[in-house]
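Asker: Below you'll find the structure I mean.
The values are calculated or read from the model by the stated rules, or taken from the named source; none is laboratory data. For clarity, every value in this text was computed on a predicted model and none was experimentally measured. With ideal geometry, Cβ positions are generated from the backbone for all residues, glycine too; neighbour counts draw on all protein chains shown.
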Amino acid sequence: LIPSQFEYHAPSTLREATDLLSRYGSEAKVLAGGMSLIPVMKLRLATPHHVIDISRISELEYARLENGRLKIGALCRHSYLEKSKVIIASIPLLSETAKWIGDPQVRNMGTIGGSLVHSDPSGDWGAPILALRGEIRMRSSLSERSVSIDDFLVDTFTSALRTEEILTEIVIPVPSLRSGGTYMKVERRAGDFATVGIAVQLTIDKNSVCTYVGIGLTALGPKSLRARRSEEALLGRKISESAIQEAAEAAAEDSSPLDDPLRGSVEYKRELARVYTRRALKKAIDIATK
Ligand SMILES: Cc1cc2nc3c(=O)[nH]c(=O)nc-3n(C[C@H](O)[C@H](O)[C@H](O)COP(=O)(O)OP(=O)(O)OC[C@H]3O[C@@H](n4cnc5c(N)ncnc54)[C@H](O)[C@@H]3O)c2cc1C
């Protein structure tokens, strides 16, 4: 399988990259880790005339704290997010998620920005970024804008990114004290895409009342989903067995997974959603109240 012919560009700054994108528009494709784009090009599902390789733009690879927010450059590799001391100390849910992605080769090449733009409903990044209420920053040669992750993930393999834009940064509010988060993934074998995945981030006050909760679901709908009714079952309420159960039931009811011969039926995946939402909530509560 060989991709169709294209012209290769390797800008070394963001400015050069956005200029190239504005010059070539829909004839161009941005290449980051290439873990998803190269297979798609080999299958000729994408046949760009220009490939703009942004992988050497070092200004897009960082994780830093600023005014109570974690800023992550779009070119951070999954392995970088797994090992970053800043991330482990501020939002461990992110490093935990990174460990679940593919195998070491995929984690060493693939980027968080590429993964979010690719918008695969089975991709692992959407759910935790939804649970953490992340904001996505994009830039073209003329302007810059931000949207919430809820608005960024539009549909299966469809994001809100415009042709002339590059995803530059993910911004996440750092959870307060008494917070806990976890990502649980069910996979057929190590390194596989998710059969289902559940991301939970929550905060509990001294009276056991849930003051923040975010729940994101992987592979349980046409895109990564926010489990809003599950969140409503917990927010502002005292944590109890019945509230957890209500949230787990709502996650299963609001899921719309695909029936697929490899990973299981709709009923099976809904059952996994129920069981794993419950387990993930319990683990996040344990971490928050430790
Ligand atoms: C064997 C294998 C196993 C995998 N397993 C998993 C898994 O378990 N979980 C999981 O979540 N993922 C998995 N993946 C996918 C992997 O995480 C990819 O890294 C990710 O989907 C795409 O990231 P990338 O940097 O390689 O992007 P690329 O492949 O370079 O690009 C993907 C798309 O995003 C666009 N793009 C990339 N970066 C930007 C940017 N900054 N701005 C604008 N557009 C951009 C490209 O134009 C393209 O359309 C796997 C991939 C492989 C090959």
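Asker: Of the residues in the range 218-252, how many are of a type outside the set (D, E, K, R), part of a loop (DSSP other than H, G, I, E, B) and closer than 19 Å to residue 97 by Cβ?
Answerer: Residues flagged as of a type outside the set (D, E, K, R), part of a loop (DSSP other than H, G, I, E, B) and closer than 19 Å to residue 97 by Cβ within the range 218-252 amount to 5.
Asker: Report, by residue number, each residue of the range 163-186 that is within 16 Å of the ligand (Cβ to nearest atom) and under 17 Å from the mean Cα position of the chain (by Cα). It would help to see each step written out before you state the result.
Answerer: Within the range 163-186, the subset within 16 Å of the ligand (Cβ to nearest atom) is 163-171, 183-186.
Within the range 163-186, 166, 167, 168, 169, 170, 171, 183, 184, 185, 186 meet the criteria.
Asker: Mind counting the residues in the range 28-44 that are part of a loop (DSSP other than H, G, I, E, B) and not hydrophobic (A, V, I, L, M, F, W, C)? Lay out the reasoning, then the answer.
Answerer: Going through the range 28-44, the residues part of a loop (DSSP other than H, G, I, E, B) turn out to be 32-36, 43-44.
Imposing the further condition that a residue be not hydrophobic (A, V, I, L, M, F, W, C) reduces the set to 33-34, 36, 44.
Residues flagged as part of a loop (DSSP other than H, G, I, E, B) and not hydrophobic (A, V, I, L, M, F, W, C) within the range 28-44 amount to 4.
Asker: Now for a separate question. Any residue that is more than 26 Å from residue 156 (Cβ to Cβ) and among the basic types (Lys, Arg) - is there at least one of those in the range 223-236? Steps first, please.
Answerer: Going residue by residue through the range 223-236, those that are more than 26 Å from residue 156 (Cβ to Cβ) are 233-236.
Subset that is among the basic types (Lys, Arg): none.
No, that holds for no residue.
Asker: Further, regarding this structure: Quick one: which of 165, 169, 144, 241 is farther than 22 Å from residue 72 by Cα and modelled with pLDDT of 95 or more?
Answerer: On the way: 165 fails: farther than 22 Å from residue 72 by Cα; 169 fails: farther than 22 Å from residue 72 by Cα; 144 fails: farther than 22 Å from residue 72 by Cα.
It is 241.
Asker: If you don't mind, there's one more thing I want to ask. What are the pairs with Cβ atoms under 6 angstrom where one residue, in the range 81-103, is more than 14 Å from residue 182 (Cα to Cα) and the other, located anywhere, is within 16 Å of the ligand (Cβ to nearest atom) and not in a helix (DSSP H, G or I)? Sequence gap at least six, or different chains.
Answerer: If the second residue must be within 16 Å of the ligand (Cβ to nearest atom) and not in a helix (DSSP H, G or I), the pairs left are 84/63; 86/63; 101/124; 102/191; 103/191.
Asker: With respect to residue 211, determine if the residue is in a strand (DSSP E or B), modelled with pLDDT of 95 or more and out of contact with any Cys (no Cβ under 7 Å at 6 or more places or on another chain). Talk me through it step by step, then tell me what you get.
Answerer: Working: in a strand (DSSP E or B): yes; modelled with pLDDT of 95 or more: yes; out of contact with any Cys (no Cβ under 7 Å at 6 or more places or on another chain): yes.
Yes; evaluated as a whole, the condition is true for this residue.
Asker: Please return the ranges of strands (runs of 3 or more DSSP E) entirely within the range 45-128 where 2 or more residues are within 10 Å of the ligand (Cβ to nearest atom). Full working, then the answer.
Answerer: Numbers: elements: 50-53, 63-66, 69-73.
Per the criteria, 50-53.
Asker: A follow-up question, please. Against the definition (buried (at least 22 other Cβ atoms within 10 Å of the Cβ) and within 13 Å of the ligand (Cβ to nearest atom)), how does residue 34 come out, yes or no? Even if it seems obvious, please write down each step before you answer.
Answerer: Details: buried (at least 22 other Cβ atoms within 10 Å of the Cβ): no; within 13 Å of the ligand (Cβ to nearest atom): yes.
The answer is no for residue 34.
Asker: Considering only residues that are part of a loop (DSSP other than H, G, I, E, B) and surrounded by 14 or more Cβ atoms within 10 Å (Cβ to Cβ), look in the range 129-162 and name the one that is farthest from the ligand (Cβ to nearest atom). It would help to see each step written out before you state the result.
Answerer: At the first step, the residues of the range 129-162 found to be part of a loop (DSSP other than H, G, I, E, B) are 132-134, 140-143, 156-157, 160-162.
Checking which are surrounded by 14 or more Cβ atoms within 10 Å (Cβ to Cβ) leaves us with 132-134, 140-141, 157, 160-161.
Working: 132: 16, 133: 20, 134: 15, 140: 10, 141: 13, 157: 9, 160: 11, 161: 6 Å.
Among them, the one singled out is 133.
A quick yes/no check of all residues on (1) crowded, with 22+ Cβ neighbours inside 10 Å; (2) modelled with pLDDT of 95 or more; (3) touching a Gly at 6+ places or on another chain (Cβ under 9 Å):
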position: 42; (1), (2), (3): no, yes, no
position: 47; (1), (2), (3): no, yes, no
position: 53; (1), (2), (3): no, yes, yes
position: 74; (1), (2), (3): yes, yes, yes
position: 81; (1), (2), (3): yes, yes, no
position: 92; (1), (2), (3): no, yes, yes
position: 102; (1), (2), (3): no, yes, yes
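Asker: Which of the following residues is at pLDDT 95 or above and touching a strand residue (DSSP E or B) at 6+ places or on another chain (Cβ under 7 Å): 16, 59, 7? First the steps, then the outcome.
Answerer: Numbers: 16 fails: touching a strand residue (DSSP E or B) at 6+ places or on another chain (Cβ under 7 Å); 59 fails: touching a strand residue (DSSP E or B) at 6+ places or on another chain (Cβ under 7 Å).
Result of the check over 16, 59, 7: 7.
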